[in-house]
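Asker: Please read through the structure below; I'll follow up with questions.
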Amino acid sequence: MPKLEYAAICRGYTVLVSYQDERGTENAERYLTDFLCTFSTETDIKASFYGGSFKFHLEVQSGVVFACGAIPEAGVRLPFLFLTELSKRFNLTSLPSRAYNAEEHEFDREFKFVIKDILDKFNSGNSGDPQQVIQGQLHSVESIMHQNIAKTLKRGAQLEDIVAQTEALENQSLTFRTHTVRVRRAMWLQNVRLWIIIGAIALVVIVLLGLWIDGKI
């Protein structure tokens, strides 16, 4: 979710123009108008209050209220920098001269897209605020670190698989070597038996041949 989700420009509790991020699940404007009904805008002032899950920040300039709804974690610096930029852009138009007689949401068609543009710029870290730039860089570094850790863990898992496969191959190799030794031993015993049989047959043939020569057979 963005840090700054909602912004509006009001006259008293009358909202002249507003924009809320489409991903928002709460109606921020309801909290803002309820608060402004009990809030004096006769004096230029800055203020903050909580409404629902939002922390609202206000800046009153000559009876015109510049407001934004942010997540509490956004702090104070970023929302008020946003309000400064919002009032600056608003005062560059012809709308301030019409603000005191305009009806509710009369400026939506002319200025709503400007609010969206400023919100998008601040939520993306392009506000020009050095602190936000540093925070953006830190988030980028953290993201890279998380990705590297994930890759390392994945590589570690792959190494564990390789080690397991290597151990399995070693066990298979040991089994094969043991089987080979047994086969060689069996073949050697078989060869020994064969030579014994051949030797016995040869001995019988020699004995019989000797007896035949002596005329005993």
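Laboratory data are not the source of any read-out in this text; all were calculated from the coordinates shown. Bear in mind that the values here come from a model prediction, so they are computed numbers and not experimental data. Note that each Cβ is placed from the backbone with ideal geometry, even for glycine, and that neighbours are counted across all protein chains shown.
Asker: Which peptide among 26-37, 192-203 comes first, and what is the full order, when sorted by highest mean count of other Cβ atoms within 10 Å?
Answerer: Per-residue Cβ counts within 10 Å, averaged per peptide and sorted highest first, yield 26-37, 192-203.
Asker: While we're here: Kindly provide the pair-distance distribution of the range 13-123 built from C-alpha pairs, with 5 Å bins from 0 and whole-percent values in order of increasing distance.
Answerer: 2, 11, 24, 28, 23, 10, 2, 0
Asker: Which order do the peptides 2-10, 87-95, 206-214, 59-67 take when ranked by the mean count of other beta-carbon atoms within 10 Å per residue, highest first?
Answerer: Packing order, densest peptide first, comes out as 2-10, 59-67, 87-95, 206-214.
Asker: In nm, give the distance between the simple-model label positions of Phe49 and Ile197, each being 7 Å from the Cα along the Cα-to-Cβ direction.
Answerer: Each label point is offset 7 Å from its Cα along the Cβ direction, giving 11.0 nm.
Asker: Label point 7 Å out from Ser62 along Cα-to-Cβ: which residues of the range 70-109 have amide N under 14 Å?
Answerer: 87-101
Asker: Let me ask something else. May I have the count of lysine pairs in the range 4-146 with C-alpha atoms under 16 Å apart, counting pairs 8 or more residues apart or located on different chains?
Answerer: Count of close lysine pairs: 6.
Asker: If you don't mind, another one. Whole-Hz ³J(HN,Hα) for each residue in the range 112-123, computed from phi via Karplus 6.51 cos²θ - 1.76 cosθ + 1.60 with θ = phi - 60°, x for glycine and proline: what do you get?
Answerer: Along the range 112-123, the couplings run 4, 5, 5, 4, 4, 4, 5, 4, 4, 5, 6, 6 Hz.
Asker: Taking Cα centroids, how far is the range 92-128 from the range 1-58 in Å?
Answerer: 14
Asker: Hey, if you put +1 on the Cβ of every Lys and Arg and -1 on every Asp and Glu Cβ in the range 4-146, which of Pro72, Gly52, Ser94 ends up farthest toward the positive end of that dipole?
Answerer: Towards the positive end, the residue furthest out is Ser94.
Asker: Per 0.36 nm of contour for each residue apart, how much would the distance between Val205 and Ser124 grow if the chain were fully extended, relative to their Cα-Cα spacing?
Answerer: Using 0.36 nm per residue and subtracting the Cα-Cα distance, I get 18.6 nm.
Asker: Which aspartates and glutamates have a Cα less than 15 Å from the Cα of Lys3, not counting those fewer than 8 places away in the same chain?
Answerer: Partners within reach: Asp21, Glu22, Glu26, Glu73, Asp117, Asp120, Asp129.
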